[in-house]
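The values are calculated or read from the model by the stated rules, or taken from the named source; none is laboratory data. This is a predicted model, so every value here is computed, not measured. FYI the Cβ positions are ideal-geometry reconstructions off the backbone, even for glycines, and counts take in every protein chain you see.
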């Protein structure tokens, strides 16, 4: 399944959750956005080889890295104070600059390092772990650990900490459900998937 379909399914999960929680318009947009991003996250491990199913182009990865850098600058300016604010902004600017200069895989690595540093400087555990997640994704093969229960669990921890940070109930459930929807949509039981997901790595590499 391609990236657009995964994003739409994730956004749909967020919209259904918003209706369930009867959220206001702003929170509804947040739920839809979290669902869309979470539905795409397993494919952040893409390596661009023709032998793999490509769902993110090189340009898309660049845009994601640049968006992360921009959001880090805004978040650091609003939430940071003193030295931490300027460190966060500097890291965001560095991500914006480096994203135009390096290859797809290493761009992910640098982005992950930048997000991790931002998490440390802003004292946000969810941001730190998101950096770790991105860094891991930059080194593993496509449809491996990010498409496994381990990836889902790690992302769930990130989502739980994010929900605690912003204090909006339901964000965790939306993120986990949208991420899980990606894994289900990539399984072999669906007729349009020639490959499945290695859900139980590292115990077994069998695709399901």
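Could you check, for region 183-203, whether at least one of its residues is closer than 23 Å to residue 14 by Cα, crowded, with 20+ Cβ neighbours inside 10 Å and either out of contact with any strand residue (DSSP E or B) (no Cβ under 9 Å at 6 or more places or on another chain) or in the same structural domain as residue 86 (by TED's automatic domain parsing) (or both)? Scanning region 183-203 turns up at least one residue that is closer than 23 Å to residue 14 by Cα, crowded, with 20+ Cβ neighbours inside 10 Å and either out of contact with any strand residue (DSSP E or B) (no Cβ under 9 Å at 6 or more places or on another chain) or in the same structural domain as residue 86 (by TED's automatic domain parsing) (or both). Looking at 158, 134, 168, 117, just one residue is farther than 27 Å from residue 8 by Cα and crowded, with 18+ Cβ neighbours inside 10 Å, and that residue is 117. When we screen 67, 29 for residues that are surrounded by fewer than 21 Cβ atoms within 10 Å (Cβ to Cβ) and either under 19 Å from residue 142 (Cα atoms) or modelled with pLDDT under 85 (or both), the only hit is 67. Put simply, of 116, 130 the only residue that is in contact with a helix residue (DSSP H, G or I) (Cβ under 6 Å, 6 or more places away or on another chain) and within 28 Å of residue 4 (Cβ to Cβ) is 130. The residue pairs whose first member lies in region 129-145 and is on the phi > 0 side of the Ramachandran plot, whose second member is surrounded by 17 or more Cβ atoms within 10 Å (Cβ to Cβ), and whose beta carbons are closer than 9 Å, counting only pairs six or more residues apart or on different chains, are 143/42; 143/43; 143/45; 143/186; 143/196; 143/197; 143/198.
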